[in-house]
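First the structure, in the form of C-alpha coordinates, and then the observations on it.
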Amino acid sequence: GINGRRTKDSIALVEIKDDGETGRLHSVSNTIKIRSDHQEYKNVFWTFREGDGVFLKAVWNEGRNRIFSSGPFEIEDMVLLR
(Lines give C-alpha, C1' and ligand atoms only; values in the text may rest on other atoms or scores of the structure.)
Protein backbone atom coordinates (compact mmCIF):
# COMPACT_ATOMS: atom_id res chain seq x y z
CA GLY A 1 0.00 0.00 0.00
CA ILE A 2 0.96 3.60 -0.64
CA ASN A 3 -0.10 6.15 1.98
CA GLY A 4 -2.39 8.72 0.36
CA ARG A 5 -3.40 6.60 -2.63
CA ARG A 6 -7.16 6.62 -3.27
CA THR A 7 -7.66 2.99 -4.22
CA LYS A 8 -8.82 -0.10 -2.35
CA ASP A 9 -6.49 -0.56 0.63
CA SER A 10 -4.25 2.22 -0.80
CA ILE A 11 -2.69 -0.37 -3.13
CA ALA A 12 -0.65 0.62 -6.17
CA LEU A 13 0.35 -1.99 -8.74
CA VAL A 14 3.74 -1.92 -10.46
CA GLU A 15 4.53 -3.84 -13.63
CA ILE A 16 8.23 -4.32 -14.21
CA LYS A 17 9.05 -4.86 -17.88
CA ASP A 18 12.16 -5.74 -19.86
CA ASP A 19 14.37 -3.00 -21.28
CA GLY A 20 12.68 -2.95 -24.67
CA GLU A 21 15.77 -4.19 -26.46
CA THR A 22 14.15 -7.54 -27.27
CA GLY A 23 10.91 -5.96 -28.45
CA ARG A 24 8.79 -7.52 -25.71
CA LEU A 25 8.15 -4.13 -24.07
CA HIS A 26 6.39 -3.06 -27.26
CA SER A 27 4.37 -6.24 -27.75
CA VAL A 28 0.70 -5.97 -28.69
CA SER A 29 -0.38 -7.29 -25.28
CA ASN A 30 1.72 -4.67 -23.46
CA THR A 31 0.40 -1.81 -25.60
CA ILE A 32 -3.13 -2.86 -24.70
CA LYS A 33 -2.33 -3.30 -21.00
CA ILE A 34 -0.50 0.01 -20.52
CA ARG A 35 -3.53 1.91 -21.87
CA SER A 36 -5.99 0.07 -19.59
CA ASP A 37 -6.98 0.62 -15.98
CA HIS A 38 -7.09 -2.21 -13.45
CA GLN A 39 -10.66 -2.76 -12.24
CA GLU A 40 -9.87 -2.18 -8.53
CA TYR A 41 -6.52 -0.39 -8.46
CA LYS A 42 -6.98 1.94 -11.46
CA ASN A 43 -3.74 3.06 -13.15
CA VAL A 44 -0.89 0.58 -13.07
CA PHE A 45 2.59 2.03 -12.68
CA TRP A 46 4.98 0.65 -15.32
CA THR A 47 8.74 0.60 -15.09
CA PHE A 48 11.66 -0.92 -16.97
CA ARG A 49 15.37 -1.07 -16.36
CA GLU A 50 17.90 0.64 -18.60
CA GLY A 51 21.14 -1.05 -19.55
CA ASP A 52 22.93 0.80 -16.73
CA GLY A 53 20.50 -0.62 -14.14
CA VAL A 54 18.41 2.52 -13.59
CA PHE A 55 14.65 1.96 -13.39
CA LEU A 56 12.60 4.33 -15.54
CA LYS A 57 8.88 5.14 -15.70
CA ALA A 58 7.17 3.72 -18.77
CA VAL A 59 4.28 5.69 -20.28
CA TRP A 60 2.10 5.38 -23.36
CA ASN A 61 2.64 8.03 -26.04
CA GLU A 62 -0.61 8.22 -28.04
CA GLY A 63 0.87 10.33 -30.84
CA ARG A 64 3.66 7.87 -31.50
CA ASN A 65 1.61 4.76 -30.63
CA ARG A 66 4.50 3.50 -28.49
CA ILE A 67 5.75 3.07 -24.92
CA PHE A 68 8.41 5.58 -23.86
CA SER A 69 10.47 6.48 -20.81
CA SER A 70 9.23 9.35 -18.67
CA GLY A 71 12.18 9.83 -16.35
CA PRO A 72 13.38 7.87 -13.34
CA PHE A 73 11.14 5.60 -11.27
CA GLU A 74 10.07 7.42 -8.09
CA ILE A 75 7.92 5.77 -5.40
CA GLU A 76 6.32 9.16 -4.67
CA ASP A 77 4.80 9.26 -8.19
CA MET A 78 2.63 6.28 -7.31
CA VAL A 79 0.58 8.33 -4.85
CA LEU A 80 -0.56 10.68 -7.60
CA LEU A 81 -1.92 7.93 -9.83
CA ARG A 82 -5.66 7.62 -9.39
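The values are calculated or read from the model by the stated rules, or taken from the named source; none is laboratory data. None of the values given here were measured: they were computed from a predicted structure. Cβ placement follows ideal geometry from the backbone for every residue including glycine, while neighbour counts extend to all protein chains displayed. When the accessible area is computed, the model is the full protein with side chains, heavy atoms only, and any ligands, DNA or RNA have been set aside. Shrake-Rupley method; radii C 1.70, N 1.55, O 1.52, S 1.80 Å.
DSSP loop (so not H, G, I, E, B), at most 11 other Cβ within 10 Å: list which trypsin sites (Lys or Arg not before Pro) in segment 1-70 pass both filters.
Arg6, Arg35, Arg64
What is the distance, in nm, between label points placed 7 Å from the Cα along the Cα-to-Cβ direction at Asn65 and at Glu15?
Computed distance between label sites Asn65 and Glu15 equals 1.9 nm.
Considering amide H positions built from the backbone, and no H for Pro or chain starts, which residues 5 or more places from Phe73, or on another chain, come under 5 Å of its amide H?
Those qualifying (amide H under 5 Å, at least 5 residues apart or on another chain) are Phe55, Leu56, Lys57.
Leaving out ligands and nucleic acids, note down the accessible area per residue over segment 13-79 with a 1.4 angstrom probe, in whole Å².
64 Å²
Put +1 on the Cβ of every Lys and Arg and -1 on every Asp and Glu Cβ in segment 13-79; which of Ile75, Ile32, Thr47 then has its Cα farthest towards the positive end of the dipole?
Ile32
For segment 13-79, take N as its residue count and report Rg(C-alpha) divided by 2.2 N^0.38 Å.
1.06
Over the chain, what is the relative contact order in whole percent, taking alpha-carbon pairs under 8 Å and six or more residues apart?
Worked out over the chain, it gives 30 percent.
I want to check the label-to-label distance for Gln39 and Asn3. Put each point 7 Å from Cα in the C-beta direction and report it in nm to one decimal.
3.2 nm
Mind listing the long-range amide H neighbours of His38? Cut-off is under 5 Å, sequence gap 5 or more, other chains count too, H placed in the peptide plane at 1.01 Å from N.
Placed amide hydrogens put Asn43, Val44 under 5 Å from His38.
Could you give the dipole magnitude of segment 13-79 about its Cα centre, charging the beta-carbon of Lys and Arg +1 and that of Asp and Glu -1, in debye to the nearest 20?
Charge dipole of segment 13-79: 320 debye, to the nearest 20.
Which cross-chain or sequence-distant (5 or more) residues have an amide H under 5 Å from the amide H of Glu15, H modelled 1.01 Å from N in plane?
Answer set, sorted by chain and number: Phe45, Trp46, Thr47.
Would you mind telling me which residue in Val59, Val14, Val44 has the biggest mean-square fluctuation in a Gaussian network model of the chain, where springs connect alpha carbons within a distance under 10 angstrom?
The residue that fluctuates most here is Val14.
Whenever you get a sec, compute what percent of the accessible area on the chain sits on carbon and sulfur atoms (1.4 Å probe).
Accessible surface attributable to carbon and sulfur in the chain totals 48 percent.
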